[in-house]
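A.B. asks: First the structure, then my questions, so here it is.
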Amino acid sequence: MIGTSESMLVFAIWIIVWILPVIVFWKICSKAGFSGALSLLMLVPLANIVLPLFVAFAEWPALKNSKDMNT
């Protein structure tokens, strides 16, 4: 039987497993020039596989804006 302290530890681990990827991808999406809210897709099954691929291969608005400013 699981006690209170063990269940709190399990809950804390689950929070880390669910929230940490959202925070990390929020920063990545924001720096790439996408909306940070796009990182909430990391909570959706299959979308959490597609989002990193999208960010990796899409043209980043942040880089597009910097190229426009250099010309």
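A.B. asks: Which entry in [x] 18.6, 51; [y] 16.3, 52; [z] 17.2, 66 matches Rg and Dmax of the Cα atoms in Å derived from the coordinates of this structure?
C.D. replies: [z]
A.B. asks: Have a look at LEU38, LEU46, LEU20 and tell me which one the Gaussian network model of the chain (Cα, springs below 10 Å) gives the largest fluctuation.
C.D. replies: Among LEU38, LEU46, LEU20, the largest GNM mean-square fluctuation belongs to LEU46.
A.B. asks: Most mobile of PRO21, PRO61, PRO45 per a Gaussian network model of the chain (Cα springs, under 10 Å)?
C.D. replies: Of PRO21, PRO61, PRO45, the Gaussian network model singles out PRO45 as fluctuating most.
A.B. asks: Please determine, in degrees from 0 to 90 and to the nearest 10, the orientation of helix 47-57 with respect to the longest principal axis defined by the Cα atoms of the chain, where the helix direction is its Cα long axis.
C.D. replies: Relative to the chain, helix 47-57 is tipped by roughly 30 degrees.
A.B. asks: Using alpha carbons only, how many degrees (0 to 90, rounded to 10) separate the axis of helix 61-70 from the longest principal axis of the chain?
C.D. replies: 30 degrees
A.B. asks: In whole percent, what relative contact order does the chain give with Cα contacts below 8 Å and a gap of six or more residues?
C.D. replies: After rounding, I find 24 percent.
A.B. asks: Going by alpha carbons, how many degrees (0 to 90, nearest 10) lie between the helix axis of 4-32 and the longest principal axis of the chain?
C.D. replies: Compared with the principal axis, the helix lies near 0 degrees.
Taken together, the values in this text are just the output of simple stated rules run on the coordinates, not laboratory data. Everything numeric in this text was worked out from a predicted model, so none of it was measured.
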